[in-house]
Amino acid sequence: MTETYEVVVVGGGPAGLSAALVLGRARRRTLVVDAGEPRNEPSAHLQGYLSRDGMPPAEFLAVGREEIARYGVELVRDRAVDATRAEDFTVVLASGRTVRARQLVVATGLKDELPPVPGLAERFGRDVIHCPYCHGWEARDRATGVLASSPTSVHQALMVTQWSKDVRFFLHEVRETELADEDRRRLAAAGVTVVPGPVAEVLAEEDRLTGVRLADGMVHDREVLYVAPRAVPQNALLVRLGAELRETPFGSFPVLDERGLTTVPGLWAAGNAGGFAEQVVNAASRGYRAGAAINGELLFADLDAAVRV
């Protein structure tokens, strides 16, 4: 049996839960499909969210689930594996359950792929970090490294000097000749030490990062290492439903209007499913905006249908 909802939200992170909260409060029959794989799971805390600064991500999500439940929103721990669109959307879940919805929100986010450097993944989210706005305050004034993934990593190295004046920029697989002259001058002005040569290993002792070993054996003592993971958008459902995508330096993301509507009527994207640079507070805001817009779409569609009768 196929169950019918007014809205199905695929993704139970900040964007999906925020959209569901607005829809539940608007008395819309809403289902959230949550695969339980939040992007920020490795982090011990989230930052920069007014009134929630320092809150553990798992606690944030638990509170969000409790809040949507108050308004009758159903949440199921499952994965959406396929979706089609005729008059409504039909979503197939990994459990075999099939649901229908008049409107569909994709809030599946993205995944971080780290460079294959031994020891890096084990420290990610603790003292191997990627965002100074998320972790810079906690890592302030510590011996800091930045691992280059491309010449554009210069931007990251320059940014972190706001939080530490002891910064070494490990070029890794980037050649010194690939750095623009302007970038070299900026790095020098910021006091960043440029370290050529590939990184062979990230070192740790007693559950803390202690240094970076280069391929030539030289060890640089570091307490924090910034890295730029490759963003992998989780956009399979959007592609399956024919949403137009735009290419960015961080991957393919859907073309959206200011509310989060894709080029497919009734299909919405929120949070990191719609763009790379959405922090938790931004993702929640995008979900709220989409939820409010969807309620309006449904309301006026029903009124227009009634007028035509």
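Filter region 18-33 down to residues that are open to solvent by 10 Å² or more (accessible area, probe 1.4 Å) and closer than 18 Å to Glu66 by Cβ and give me whichever is farthest from the chain's Cα centre (by Cα).
Restricting attention to region 18-33, the residues satisfying the condition of being open to solvent by 10 Å² or more (accessible area, probe 1.4 Å) are 18, 21-22, 25-29.
Then keep just the ones that are closer than 18 Å to Glu66 by Cβ; that gives 18, 21-22, 25.
Values: Ser18: 15, Leu21: 20, Val22: 21, Arg25: 25 Å.
Only one residue fits best here, namely Arg25.
Kindly provide the set of residues from region 53-78 that are farther than 25 Å from Pro233 by Cβ, of a type outside the set (Val, Ile, Thr) and in contact (Cβ under 8 Å) with a residue 12 or more places away in the chain, ordered by number. First the steps, then the outcome.
Step one: list which residues in region 53-78 are farther than 25 Å from Pro233 by Cβ, which gives 53-56, 59, 62-63, 66-67, 69-74.
Filter once more, keeping what is of a type outside the set (Val, Ile, Thr): 53-56, 59, 62, 66-67, 69-72, 74.
Across region 53-78, the qualifying residues are Pro56, Glu67, Arg70, Tyr71, Gly72, Glu74.
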Looking at region 21-29, can you tell me whether even one residue there is in a strand (DSSP E or B), more than 30 Å from Ala121 (Cβ to Cβ) and modelled with pLDDT of 95 or more?
no
Out of Val264, Val309, report the one residue that is modelled with pLDDT under 95 and farther than 30 Å from Gln47 by Cα.
Val309
Based on this model, can you work out whether Ala62 counts as under 21 Å from Ala283 (Cα atoms), out of contact with any Lys or Arg (no Cβ under 9 Å at 6 or more places or on another chain), among the small types (Gly, Ala, Ser) and not in a strand (DSSP E or B)?
yes
Conditions: (1) out of contact with any Gly (no Cβ under 8 Å at 6 or more places or on another chain); (2) open to solvent by less than 30 Å² (accessible area, probe 1.4 Å); (3) polar (S, T, N, Q). Ser95 meets all but one. Number of the miss?
(2)
Hey, does region 65-76 have a residue that's open to solvent by less than 40 Å² (accessible area, probe 1.4 Å), farther than 30 Å from Trp137 by Cα and either part of a strand (DSSP E or B) or modelled with pLDDT under 95 (or both)?
yes
Quick check on my filter: what residues within region 195-237 are within 20 Å of Cys131 (Cα to Cα) and among the aliphatic types (A, V, I, L, M)?
Val202, Leu209, Val212, Val224, Leu225, Val227, Ala228, Ala231, Val232
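Any idea which residue in region 253-294 is nearest to Ser153 (Cα to Cα), counting only those that are of a type in the set (S, T, N, Q), open to solvent by 30 Å² or more (accessible area, probe 1.4 Å) and not in a helix (DSSP H, G or I)?
For region 253-294, the residue satisfying everything is Gln279.
Mind counting the residues in region 102-122 that are under 21 Å from Gly260 (Cα atoms) and either among the aromatic types (Phe, Trp, Tyr) or within 25 Å of the chain's Cα centre (by Cα) (or both)?
The total comes to 9.
Report yes if Ala305 is part of a helix (DSSP H, G or I), over 30 Å from Asp166 (Cβ atoms) and more than 27 Å from the chain's Cα centre (by Cα), otherwise no. Full working, then the answer.
Details: part of a helix (DSSP H, G or I): yes; over 30 Å from Asp166 (Cβ atoms): yes; more than 27 Å from the chain's Cα centre (by Cα): yes.
Yes.
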With the condition kept exactly as written, say whether any residue in region 118-136 is assigned to a loop (DSSP other than H, G, I, E, B), open to solvent by 40 Å² or more (accessible area, probe 1.4 Å) and farther than 16 Å from Ala228 by Cβ.
yes
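The values are calculated or read from the model by the stated rules, or taken from the named source; none is laboratory data. Small disclaimer: the values here were computed from a predicted structure and weren't measured. Glycine gets a Cβ as well: all are built from the backbone with ideal geometry, and neighbour counts include every protein chain shown. We work out accessible area using only protein heavy atoms, side chains counted, and drop any ligands, DNA or RNA first. Shrake-Rupley method; radii C 1.70, N 1.55, O 1.52, S 1.80 Å.
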